[in-house]
Amino acid sequence: MRVVIVGAGQAGAWVVQRLRANDPDCVITLVGEEPWAPYERPPLSKASFVTDDSAPRFILSVEQAAKLNVSLLLGTTVVQIDRARKCAVTRGHGELAYDKLVLATGGSARRLQVPGHDLPGVCYLRTWEDATQLRGRLNRARTLLVVGGGWIGLEVAASARMLGCNVVLVESSERLCARTVPPWVSGYLARQHELRGVTVKLSCEVSKIELSTEGGLVAHTSDGALDADLIAVGVGLQPNIGLAAACGLEVANGILVDAFGGTSDPDIYACGDVANQPLATSGERIRIESYANAINHAVTVADHLSGRPQDGKDVPWFWSDQFDFQLQVLGYPSGDGEWVTRGDEGQGKFCLFQIQGGVLQSVISVNMARELKLAKRWMKAGVCPPAHVLRDLTVRLDKV
Ligand SMILES: Cc1cc2nc3c(=O)[nH]c(=O)nc-3n(C[C@H](O)[C@H](O)[C@H](O)COP(=O)(O)OP(=O)(O)OC[C@H]3O[C@@H](n4cnc5c(N)ncnc54)[C@H](O)[C@@H]3O)c2cc1C
């Protein structure tokens, strides 16, 4: 079987590794438009990146790919998929014939839709090059304006603040990370940033960016003009669906896939940030942008390709590192259910358990990794300790 994987990122690299483990004879080609072998993106916004300027953290190095007998075509863009002839057309490496194709094309940083969004000094963050450029500029900047109060914006704000920059963060909605966490956690995040000197402006929209007379930038916002040496934009991700749409696959906020990553063409799969998948619990469609999803989804696809479909039910999980805290989210926090708190904000350690109909729906932890690990086990098993036990810090949860 000849498998071509488009996109040499987190998901693409994991498809390759799993596929090879499943099938020593499969002919595998991994095509990536970036010049680098697949590397991890999460470190790019964390504080460690600011101080550590070594090479990317590779998921699958060139040497490992060679060892696995995988053709790794880097700096190569797939420009078209010819479904009738079953080949991927590349810029630079001709046509690649496939029996099965996997689209792991991820996404691109969404551009701010205002005049001046592309001025020098307005930075976006998705790739190693973006991160290297941002770091170089951060080291020279005294004032940073972060546009967007999602996870990447908050991590960049924290990293810059730790470098000594004056940081202002503006968010157009009335709370931070509104899509992923409940209001109390948004408030917690805002308090942590403000405590450490970040100015957080909510319900504040940027309408225009201009060069200032002092050689910096000025952002015009609904809350007045803000001067900055540098602007970092984190306003979400645009899934890279161009190839899929052009060849007639079903797309809608990502490439539509089934529970095994299959698209509307039986010979084409999609996984990772670009895929719009049905939730195991409700069937509701969702595009998940996380490290763990990219890996789990890639494994599901590779197993299905190898004729060993697995029950791909894994509990969704992501984390974010900011200042001295690590926040983790398990499952999908929704508006419903009872929230039970263990620990408290003042101690810098707490866990919020969301219980709905006796079932653990989601968990949000701050610096309580052990509890989160246990909760993952409970969620997989469909069990949940009583609320009074979860609340009681004198009870060891691993003994429950
Ligand atoms: C700065 C940053 C910090 C993050 N931090 C966290 C975190 O703390 N926790 C967490 O859970 N997640 C985090 N994430 C998210 C996580 O990194 C992504 O969910 C994950 O990388 C998705 O993997 P992917 O393979 O689907 O997409 P990507 O990693 O985007 O890979 C897609 C690849 O496909 C290539 N490509 C696209 N089109 C083509 C084409 N036509 N031809 C060839 N190649 C193509 C792209 O160039 C890219 O290299 C972070 C992401 C970023 C950017």
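The values are calculated or read from the model by the stated rules, or taken from the named source; none is laboratory data. Computed from a predicted model, the values in this text were never measured in an experiment. Note: areas computed on protein heavy atoms with side chains; ligands, DNA, RNA excluded. Shrake-Rupley method; radii C 1.70, N 1.55, O 1.52, S 1.80 Å.
So here's what we get for this one:
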quantity: The stretch 1-84, Cα convex hull volume normalised per residue, Å³; calculated: 102
quantity: Listed pairs K67/K100; K201/K349; K208/K349; K67/K380; K86/K376; K349/K376 exceeding 29 Å between Cα atoms; calculated: K208/K349; K67/K380; K86/K376
quantity: Surface per residue (accessible, 1.4 Å probe) for the chain, Å²; calculated: 45
quantity: Percentage relative contact order, the chain, counting C-alpha pairs under 8 Å, at least six apart; calculated: 14
quantity: Along principal axes, Cα extents of the stretch 244-317, largest first, whole Å; calculated: 32, 26, 22
quantity: Semi-axis lengths, Å, the stretch 324-399, gyration tensor of Cα atoms, sqrt of 5 times eigenvalues; calculated: 18, 14, 12
quantity: The chain: calculated mean residue ellipticity at 222 nm from DSSP helix runs of at least 4, using -39500 (n - 2.57); calculated: -7500 deg cm²/dmol
quantity: In sequence order, calculated HN-Hα J values of the stretch 253-262 (Karplus, 6.51, -1.76, 1.60; Hz; x Gly/Pro); calculated: 6, x, 8, 6, 10, 8, 5, 10, x, x
quantity: Carbon/sulfur fraction of accessible area - the stretch 6-45, other protein chains in place, 1.4 Å, %; calculated: 54
quantity: Global form of the chain, assessed from the alpha-carbon gyration tensor, a/c cut-off 1.5; calculated: oblate
quantity: Length released on extending from F58 to D99, taking residue separation times 0.36 nm less the Cα-Cα span; calculated: 12.0 nm
quantity: Overall form of the stretch 295-361 per C-alpha gyration tensor (a/c, 1.5; a/b vs b/c); calculated: oblate
quantity: Share, in percent, of DSSP beta bridges within the stretch 111-233 that are antiparallel, nearest 5; calculated: 40
quantity: Alpha-carbon gyration tensor eigenvalues x 5, square-rooted, for the stretch 111-233, Å; calculated: 21, 16, 14
quantity: Mean shadow area of the stretch 18-145, taken as a quarter of the surface of its Cα convex hull (nm²); calculated: 10.6
quantity: Interchain or long-range residues, amide H under 5 Å from V251's placed H; calculated: L256
quantity: With every protein chain in place, the stretch 324-399: carbon and sulfur % of accessible area (1.4 Å); calculated: 49
